[in-house]
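The values are calculated or read from the model by the stated rules, or taken from the named source; none is laboratory data. None of the values given here were measured: they were computed from a predicted structure. Counting neighbours? That spans all protein chains shown, and the Cβs are built from the backbone with ideal geometry, glycine included.
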Amino acid sequence: MLDFIDSTVIPFILDLYDGVGYVGVAMAVALETIVAPIPSEVILPMAGWKVSQSAADPAILEPLTGAGWNLPLAIVLATVGSLVGALVGYYIGAWGGRPLLDRYGRYVGIGAEDLDRAHRWFERWGSWAVFFGRMVPLVRTFVSYPAGIARMSLGPFVVFSLLGSLPWNAALIYAGFVVGENYPQIEAALKPWEYVIYALVLLGVAYLIYRWVRARRTGRTAG
């Protein structure tokens, strides 16, 4: 499984970054903020990795600017992508409401349980749910929908989305940067735990498949 991640998932993300640079970072994060096809825990560290590669080799340039990859710019563009994705989710919730999401959400991995969890989070914390939710896995993706359904004021929604996304993006991109600088040492340290990592990855994949299947069954039952 780790071989698949190394040979397929990571190269795809890096190819996207090599092709459209910072825009690729924004696009990937925006998509993750809407439907979470690939978690930000993978997307964002890869951006930090590109920064570390560029720092080590001046020949590795960001394709759109023609300059070396820059850590603050990567964080800014990731945060812009987060806001774009959050606004899409907000307007889907405001326009179609819960019936639209219950009917079609299962096709993009949005299950009723995910929406219920985000709704409870929003009911408990109100507008602050958008701020805190951006720093909580899974909730960060789905909290835009109940905000849109509740027709939360757009100004506070934008501000809280930006303020909540910024530290999350910065932390994960910086983590990728640090890992990139120290990858040989980290790889050697993880080698004795290789089979444990395999098992955890397999469990994670099985859980994602279970959620997707359950979301589809729930959708059929509701239909």
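Structural remarks
Results for (1) surrounded by 15 or more Cβ atoms within 10 Å (Cβ to Cβ); (2) modelled with pLDDT of 80 or more, shown as yes or no for each residue.
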position	(1), (2)
Phe4	no, no
Ile13	yes, yes
Met27	yes, yes
Ala36	yes, no
Ser40	yes, yes
Val51	yes, yes
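- Condition met for Ala59 (among the hydrophobic types (A, V, I, L, M, F, W, C), surrounded by fewer than 19 Cβ atoms within 10 Å (Cβ to Cβ), under 29 Å from Ala175 (Cβ atoms) and out of contact with any helix residue (DSSP H, G or I) (no Cβ under 9 Å at 6 or more places or on another chain)): yes
- Top-ranked residue in region 46-90 [being over 19 Å from the mean Cα position of the chain (by Cα) and part of a helix (DSSP H, G or I); ranked as nearest to Gly133 (Cα to Cα)]: Ser52
- Number of the condition not met by Val80 [criteria: (1) modelled with pLDDT of 90 or more; (2) surrounded by fewer than 16 Cβ atoms within 10 Å (Cβ to Cβ)]: (2)
- None of Ala59, Ala78 is farther than 25 Å from Met152 by Cβ and out of contact with any strand residue (DSSP E or B) (no Cβ under 7 Å at 6 or more places or on another chain) except Ala59.
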